[in-house]
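Data first, discussion second: the structure below is written as C-alpha cells.
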Amino acid sequence: MHDPLNPHSHDPNPEPPSADPSFLLTMPNGRSHTITINDLHSLPQTTVANHYIVSTGHGTSGPFQFAGVTLLDLLTHYSVDFGHPFSVEVISADGFGNRIQRDELLNPDSAGPMLLCLTLQQQPMTREQGLVRLIVPNEKDDALRQVKWVGKINVVQ
Ligand SMILES: Nc1nc2c(c(=O)[nH]1)N[C@H]1C(S)=C(S)[C@@H](COP(=O)(O)O)O[C@H]1N2
Ligand SMILES: [Mo]
C-alpha cells in the first residue's frame with residue numbers, strides 16, 4: 001500500500017507552502033501546542049556538522065552544519081511518554097512527510113540525532129531553505145526523510 005509518509009521517490013517542491021514557520025505539535029491525547037521559532041530557540045540547541053543533502057535534481061551538496069532542537073528534546077519538553085509504543089509523523093503543508101519510529105528516535109544513529117533545524121552554516125535558515133527543516137543525519141536516499149517547512153508533528157500512540 002502506498003504510504004505518503006514513506007515515499008520511495010519524490011519531485012522536490014522548491015516553494016514554501018506558506019510564510020509562517022510555526023507548526024502544530026499534537027499529542028496522543030489530542031491536545032496540541034503551536035510551536036514558534038522563539039519556542040524552539042528557548043530549548044537546548046544541538047549542532048549536526050558534516051551533513052550532506054542528497055537532492056534529486058541538484059545532486060549532492062555539502063557538507064553543511066545544521067543546528068536546532070533535537071526531536072527528542074522537543075518531545076521530552078512536552079512530556080511525551082516514551083514508555084509506551086509510539087511513532088511520530090512529521091508533515092509539511094505541501095503533503096510531504098515522514099514517519100519516525102520510537103526506537104530510531106530514542107537510539108540516535110552515530111551520524112547524529114534527528115534535528116528540527118533553525119540555522120544552516122551558523123546563519124538563520126530562510127523559509128525558502130526549509131525553516132523549520134527536519135534533518136535525519138543517516139538518510140542518504142534522495143532526501144526522502146528531510147522534511148522542509150514542518151507544519152505538523154503528530155505523536156501517535
Ligand atoms: N516539504 C517538503 N520537503 C521536502 C520535499 C518536498 O517536496 N516538500 N522534497 C524532498 C526531496 S525529494 C528533496 S530532494 C529535498 C530537496 O531539498 P533542497 O530543495 O534543499 O535541495 O527536499 C526534501 N524535502
Ligand atoms: Mo529527493
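The values are calculated or read from the model by the stated rules, or taken from the named source; none is laboratory data. In this text the structure is predicted, and so the values were computed from the model without any measurement. Every residue, glycine among them, receives a Cβ derived from its backbone with ideal geometry; neighbour counts consider all protein chains shown.
For the range 110-129, which positions are within 10 Å of the chain's Cα centre (by Cα) and farther than 12 Å from Ala67 by Cβ?
Matches in the range 110-129: Met114 only.
Can we say His84 is surrounded by fewer than 16 Cβ atoms within 10 Å (Cβ to Cβ), at negative phi and more than 16 Å from ligand 1 (Cβ to nearest atom)? Step through it out loud before you land on a result.
Working: surrounded by fewer than 16 Cβ atoms within 10 Å (Cβ to Cβ): yes; at negative phi: yes; more than 16 Å from ligand 1 (Cβ to nearest atom): yes.
Taking the combined requirement at face value, the residue satisfies it.
Of everything in the range 91-109, what is over 18 Å from Pro44 (Cα atoms) and touching a residue at least 24 places away in the same chain (Cβ under 8 Å)? Give them in sequence order. Lay out the reasoning, then the answer.
At the first step, the residues of the range 91-109 found to be over 18 Å from Pro44 (Cα atoms) are 91-104, 107, 109.
Matches in the range 91-109: Ile91, Ser92, Ala93, Asp94, Gly95, Phe96, Gly97, Asn98, Arg99, Ile100, Asp109.
Looking for whichever is among the aliphatic types (A, V, I, L, M), out of contact with any Ser or Thr (no Cβ under 6 Å at 6 or more places or on another chain), touching a residue at least 40 places away in the same chain (Cβ under 8 Å) and over 19 Å from Lys152 (Cβ atoms) here; the options are Val88, Val48, Val54. Which one fits?
Val48
Sort out which residues of the range 1-34 are surrounded by fewer than 10 Cβ atoms within 10 Å (Cβ to Cβ), within 27 Å of His84 (Cβ to Cβ) and within 16 Å of ligand 2 (Cβ to nearest atom), and write them in order of number.
None; the set is empty.
Scan the range 17-46 for residues that are under 15 Å from Gln123 (Cα atoms) and in a helix (DSSP H, G or I) and jot them down. Let's see the steps before the verdict.
Kept after step one, since they are under 15 Å from Gln123 (Cα atoms), are these residues of the range 17-46: 37, 41, 45-46.
Within the range 17-46, Ile37, His41 meet the criteria.
Is there a residue in the range 133-140 that is closer than 20 Å to Gln157 by Cβ and in a loop (DSSP other than H, G, I, E, B)?
Scanning the range 133-140 turns up no residue that is closer than 20 Å to Gln157 by Cβ and in a loop (DSSP other than H, G, I, E, B).
What are the residues in the range 87-111 that are surrounded by fewer than 19 Cβ atoms within 10 Å (Cβ to Cβ) and assigned to a loop (DSSP other than H, G, I, E, B), if any?
Here is the first cut: in the range 87-111, the residues surrounded by fewer than 19 Cβ atoms within 10 Å (Cβ to Cβ) are 87, 89, 93-95, 99, 101-104, 106-111.
Matches in the range 87-111: Ala93, Asp94, Gly95, Asn107, Pro108, Ser110, Ala111.
Matching residues to (1) buried (at least 19 other Cβ atoms within 10 Å of the Cβ); (2) within 16 Å of ligand 1 (Cβ to nearest atom); (3) in a loop (DSSP other than H, G, I, E, B):
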| residue | (1), (2), (3) |
| --- | --- |
| Val48 | yes, yes, no |
| Thr60 | no, yes, no |
| Gln65 | no, yes, no |
| Gly68 | yes, yes, no |
| Ser79 | no, no, yes |
| Leu118 | yes, yes, no |
| Thr126 | no, yes, yes |
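Quick one: in the range 49-76, which of the residues that are aliphatic (A, V, I, L, M) and at pLDDT 95 or above is nearest to the chain's Cα centre (by Cα)? Please lay out each step first, then the result.
The initial filter retains those residues of the range 49-76 that are aliphatic (A, V, I, L, M), namely 49, 53-54, 67, 69, 71-72, 74-75.
Still in the list and also at pLDDT 95 or above: 67, 69, 71-72, 74-75.
On the way: Ala67: 12, Val69: 10, Leu71: 7, Leu72: 11, Leu74: 11, Leu75: 12 Å.
My answer is Leu71.
Based on this model, can you work out whether Asn13 counts as of a type outside the set (Val, Ile, Thr) and without any contact (Cβ under 8 Å) to a residue 24 or more places away in the chain? Break it down into steps so the answer makes sense when it comes.
Numbers: of a type outside the set (Val, Ile, Thr): yes; without any contact (Cβ under 8 Å) to a residue 24 or more places away in the chain: no.
When the stated conditions are applied, Asn13 does not pass them.
Name the residues in the range 16-33 that are farther than 17 Å from Leu72 by Cα and either β-branched (Val, Ile, Thr) or in contact (Cβ under 8 Å) with a residue 60 or more places away in the chain (or both), would you?
Residues satisfying the conditions are Pro16, Pro17, Ser18, Ala19, Pro21.
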